[in-house]
Structure formats: C-alpha cells, structure tokens
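A.B. asks: Would you mind keeping the following structure in view while I ask a few things?
The values are calculated or read from the model by the stated rules, or taken from the named source; none is laboratory data. The structure displayed is predicted, hence computed values, not measured ones. Every residue, glycine as well, gets a Cβ built from its backbone with ideal geometry; the counts of neighbours run over all protein chains shown.
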Amino acid sequence: MIITVSRAADLGQVRKALAGIGLWVSPPERREDGEALLVVQSSSTQVDVEQIRAVQGVVSISRPDSTHPRVDAQGPVAQVGKNSIGREAPVLIAGPCSVESREQILRIATTLRERGVLYLRGGAFKPRSSPYAFQGKGSEALGWMRDAADACGQSVITEVLSEHDVAAVAEHADVLQIGSRNMHNYALLKSVGKTSRPVLLKRSMSATVEEWLLAGEYLLSSGAGSVMFCERGVRTFDESTRNLLDLGAVALLSHVHKLPVIVDPSHATGRRDLIVPLARAALAAGAAGVMIEVHDKPEQAESDAPQALHPDALGPVLQALRGGDA
Ligand code: PEP
Ligand code: MN
C-alpha cells in the first residue's frame, strides 16, 4: 500500500499517527510536485482504510490489490524542468519526426518558439519498420536538438531506442520517450527509469490499457521522475487512417486514473488533414497535451512526410490549448 501525503503536512507527525494505528512506513519519497509517498512496509493489525484517510495530511491511498500502485499514486502532474504538465493549461509538444540537420532543427525550433511552443520533439534514433528506411542521424542529432532548444528556451523530448543509448539521450534530453514498439521492452524501461527523468511512454499499438499502466509501473518502480502516457493510436482492421485513436482510453486515464495523458494525433492518423480536428478532440477528452509532428518543408521530411504539418497550420490547435474551443 502507498499513502500519498500533502506537501504542507508534517511528515514526522503523519508517520507517528500511522504508527499509532499500527502501520510502519518506509522513509518518505518526495514527489516532484511536493507531495510525499509513504510505502507501508508492515502492519501490526488489519487497518481500515478509513482510519488512514482520517490521518491529517493523507491525500490518497493506493490499495495493495492494485497491480500498479506507483502509477496510482503518481497524480496528474509531470514536472519537466521548471515547467509542469497537467497542472494548468494543456501543452503542445511539437517538432519534426526526425532531426535531419543542425539547421533544420534550429529553424523549426525557432518558428515553434515564436508561436509559444515550449516543448520540442524530434527523433535522433528512429524506429523504422524497414531496415532500409532512414534510421535517424543518431548521436550527433541529439546535440543539434539540445542546442536548438537551448537557443529557444525549450525542453527536449526524444526517443531512446536502445539500452545502449540511455546515457547519451539522458545527457541531452529533458524527457525520454519510449516509443510504441518498445513499450514492452522491460529491460529498456528499467534502465530509462534509473535515470530519474520524466518519461513519455507511448502506448504499444496493440497494448491493453492494463499493459500500458504496467509499463508505467516498471518505469516508476525503477525511479522515473514521472510518466506521461502517450496515446498514439492502436492497430485495427481499417486502413483508411494509419491507426485508430483511442479517445476512450484518453478519457479513462485522464478522468478516472487521473494521470497526465499526451495525445499524438500525427501517428494516430498518418494524414496531415486530420491532425487538427483530432488534437481538439483529444483536449476535449481530457488530455494534458498534444504532440504533433511539424516540418517547415513538410513534403521534404525524411520520415513521415504525409503527416508532417506546417507550423502555420497549428493556429486552431494553439487556440484550443488556450481554451478557445477545444
Ligand atoms: C515518434 O514519435 O517518433 C514515433 C516513432 O512514434 P511511435 O513510437 O508512436 O510510432
Ligand atoms: Mn514520426
């Protein structure tokens, strides 16, 4: 069982009160939003959860029968550097599918920053279905992206494809992305968790919600600072869009599990004409943000060109993010 304690509470007093009703807890782990987690290690007797809830400072209790107690205890906010995702207005994460050159990522970062975008995405290591397709520019692209983001005051989100690259990606990125194809790669999840960084966990294209939450549990139990759950569409029988955006899962994770959810309408649809309406639908369903692939020369993008959106097309999404008409 994990007990979440408010940031203002006196932890010594809370632990004393818990011991008073027969619960011994581990040393507190301070969450990034200031709340503290107490893991119950042993109890002298069967304790009624209402007794725990009555202890001053206790915010929530995640029950032992949950398969993902740390995910349950995480809360809806992810801290990325000095910014919070999930606390106030939803955010836009944008950038190219692939980082192609120093100049390309700086141009795109600059034009996004002019539109107020604080989170820059871009792939250095690309998980392509074909081994003959462009595989990304690798390590040097990490440096180009970091420099562009620093010049524009942005945070970097990029995918880590393999355990070998975790240290290099953690050195350059603020948020480590686990791609759809790697959601079930538990060794990678553990090693990314150990960096203590916030993680954007993409849902595998065939994962159940429970499997997705359990992948989040791998990350958090290995030490990840926080996990944002990214819905990017699931596989289905219909080929008219690249994937099927599961907005039901977005609402479930946002409103029932109270987790930070990011929606990626780019990979969900594979078509630039559907990205804006689905981004707005995602915000209406409760997403804490949307992640959109953007390129200043969309037709020339080295990967995922059909879904690359020109920055000028972001207007309605930016308006919806400001509460205009999500
Ligand atoms: C990406 O975001 O660059 C990507 C490859 O997405 P996914 O893992 O969802 O296919
Ligand atoms: Mn892509």
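A.B. asks: Taking the conditions exactly as written (assigned by TED's automatic domain parsing to the domain that holds P298, surrounded by fewer than 20 Cβ atoms within 10 Å (Cβ to Cβ) and over 18 Å from the mean Cα position of the chain (by Cα)), does R181 satisfy them or not?
C.D. replies: no
A.B. asks: Criterion first (in a helix (DSSP H, G or I) and either at pLDDT below 90 or of a type in the set (G, A, S) (or both)) does A17 satisfy it?
C.D. replies: Yes: the conditions hold for A17.
A.B. asks: Quick one: A287 ticks every box in (1) touching a residue at least 40 places away in the same chain (Cβ under 8 Å); (2) within 16 Å of ligand 1 (Cβ to nearest atom); (3) closer than 25 Å to A124 by Cα except a single one, so which number is it?
C.D. replies: Result: A287 passes all but (3).
A.B. asks: Here is a further query. Collect the residues in the stretch 116-141 that are over 19 Å from the mean Cα position of the chain (by Cα) and of a type in the set (A, V, I, L, M, F, W, C), keeping them in residue-number order.
C.D. replies: Hits for the stretch 116-141 are A133, F134, A141.
A.B. asks: Quick one: how many residues across the stretch 285-326 are under 17 Å from R232 (Cα atoms), assigned to a loop (DSSP other than H, G, I, E, B) and among the acidic types (D, E)?
C.D. replies: 1
A.B. asks: When you scan the stretch 77-87, do you find a residue that is within 16 Å of ligand 2 (Cβ to nearest atom), touching a strand residue (DSSP E or B) at 6+ places or on another chain (Cβ under 8 Å) and not polar (S, T, N, Q), even just one?
C.D. replies: No: the stretch 77-87 contains no residue that is within 16 Å of ligand 2 (Cβ to nearest atom), touching a strand residue (DSSP E or B) at 6+ places or on another chain (Cβ under 8 Å) and not polar (S, T, N, Q).
A.B. asks: Right, next: With the checklist (1) away from ligand 2 (no atom under 15 Å from the Cβ); (2) touching a residue at least 40 places away in the same chain (Cβ under 8 Å) in hand, flag the one item V294 doesn't pass.
C.D. replies: In the conditions (1) away from ligand 2 (no atom under 15 Å from the Cβ); (2) touching a residue at least 40 places away in the same chain (Cβ under 8 Å), V294 misses (1) alone.
A.B. asks: Sort out which residues of the stretch 262-277 are more than 14 Å from ligand 1 (Cβ to nearest atom) and in contact with a helix residue (DSSP H, G or I) (Cβ under 9 Å, 6 or more places away or on another chain), and write them in order of number.
C.D. replies: Hits for the stretch 262-277 are R271, R272, L274, V276, P277.
A.B. asks: Residue under question is V227, and the condition is that it be in the same structural domain as H184 (by TED's automatic domain parsing), among the β-branched types (V, I, T), more than 16 Å from ligand 2 (Cβ to nearest atom) and closer than 16 Å to I178 by Cβ; does it hold?
C.D. replies: So V227 passes the test.
A.B. asks: If S226 passes every condition in (1) touching a residue at least 60 places away in the same chain (Cβ under 8 Å); (2) surrounded by fewer than 24 Cβ atoms within 10 Å (Cβ to Cβ); (3) of a type in the set (S, T, Y) but one, which one does it miss?
C.D. replies: (2) is the only condition that S226 fails.
A.B. asks: Still on this structure, please answer the following. Under the condition of being over 21 Å from V261 (Cα atoms) and under 29 Å from the mean Cα position of the chain (by Cα), which residue from the stretch 42-77 is surrounded by the fewest Cβ atoms within 10 Å (Cβ to Cβ)?
C.D. replies: Across the stretch 42-77, the extreme among qualifying residues is D65.
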